[in-house]
1. Among rounded, prolate and oblate, which fits the chain when a ≥ b ≥ c are the square roots of the eigenvalues of its C-alpha gyration tensor, a/c under 1.5 means rounded, and a/b larger than b/c means prolate?
2. Between Asp19 and Ile220, how many nm apart are label points set 7 Å from Cα along the C-beta direction?
3. Take the Cβ-Cβ distance between Asn173 and Ser109 as r, set R0 to 45 Å, and report the resulting FRET efficiency rounded to the nearest 0.05.
4. First select every other residue whose beta carbon is under 14 angstrom from the beta carbon of Met126; then total the charges, Lys and Arg +1, Asp and Glu -1.
5. What is the sum of charges, Lys and Arg at +1 and Asp and Glu at -1, for the other residues whose Cβ falls under 14 Å from the Cβ of Ala191?
6. Below 8 Å between Cα atoms, with a sequence gap of 6+, how large is the relative contact order for the stretch 162-216 in percent?
7. Give me the extension gain from Gln51 to Arg117: residue separation times 0.36 nm, minus the current Cα-Cα distance, reported in nm with one decimal.
8. Counting only heavy atoms of the protein chains, get the accessible area per residue of the chain (1.4 Å probe) and round it to a whole Å² value.
Amino acid sequence: MLDTDFADRCNNDHGYSPDGTEIALSHNTSDRGSLIYIVPSSGGIPMQVTQSGPSYWHGWSPDAQKLVYCARRGDNFDVYVIDRDGQNEVRLIDAIGLDDGPEYSPDGSTIYFNSERTGQMNIWRMDSDGSNQQPVTVDDEYGDWFPHPSPDGNWLVFLSYEKSVEGHPPNQNVKLRMIPADGSSDPKVIAHLFGGQGTINVPSWSPDSEHFAFVSYRLIGQQNLD
């Protein structure tokens, strides 16, 4: 267990900096909802980054100078970027519907995210300044969430729900799918599992791009003793 001092209501959204010396985390405050902090990877007192909430961390820039995240400002969740010292929050997306799960490509030129602007959740990408927004997946069979580019830049892994599922709830039969980052072939299913919320919300590739971590589980029924 890492000591994160006052940040004792952390949610799914946390991850190591590119050099492994720090962790960005999202902590549920009592007055503003989830806010983003940075803490040494060995533990310590978190440094607050975002002033407004809710804000849910999703990625570091390759040089560790910026954080990209999903946040609600007003009545809509969109993608934002901010300097690591908490200055210069910039809204990158202004689209109808939820935009979530942003993550930088390894070279920092692209940000991947998921968006429901078409009426169904799909994976999208854009330039790191928010321009040139384009769909990556257009499969009507699934709702796709949380794209994660591999460190070598070759692959994109993401979570897929059945299209009838709203949002990204837990306790669902879901799939992990993968697509070449260059779009040279269609997505393929690499795992069937029980999970959903918390399965692969944030970056989890190994540095050599050979493995990635995710969460699956099963529900254990309780015997009715009445």
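The values are calculated or read from the model by the stated rules, or taken from the named source; none is laboratory data. Bear in mind the structure is a predicted one, so any value in this text is a computation, not a measurement. Using ideal geometry, Cβ is built from the backbone for each residue, glycine included, and neighbour counts are taken over all protein chains shown. Remember, those area values only see protein heavy atoms, side chains included, never the ligands or the DNA or RNA. Shrake-Rupley method; radii C 1.70, N 1.55, O 1.52, S 1.80 Å.
1. Rounded shape, in that the Cα axes give a/c under 1.5.
2. That separation, rounded to one decimal, is 4.3 nm.
3. Taking R0 as 45 Å, the efficiency between Asn173 and Ser109 is 0.80.
4. My count for the surroundings of Met126 gives -4.
5. Its environment carries a net charge of +3.
6. Relative contact order, the stretch 162-216: 30 percent.
7. Additional length available on full extension: 21.1 nm.
8. Per residue, the chain has 51 Å² of solvent-accessible surface.
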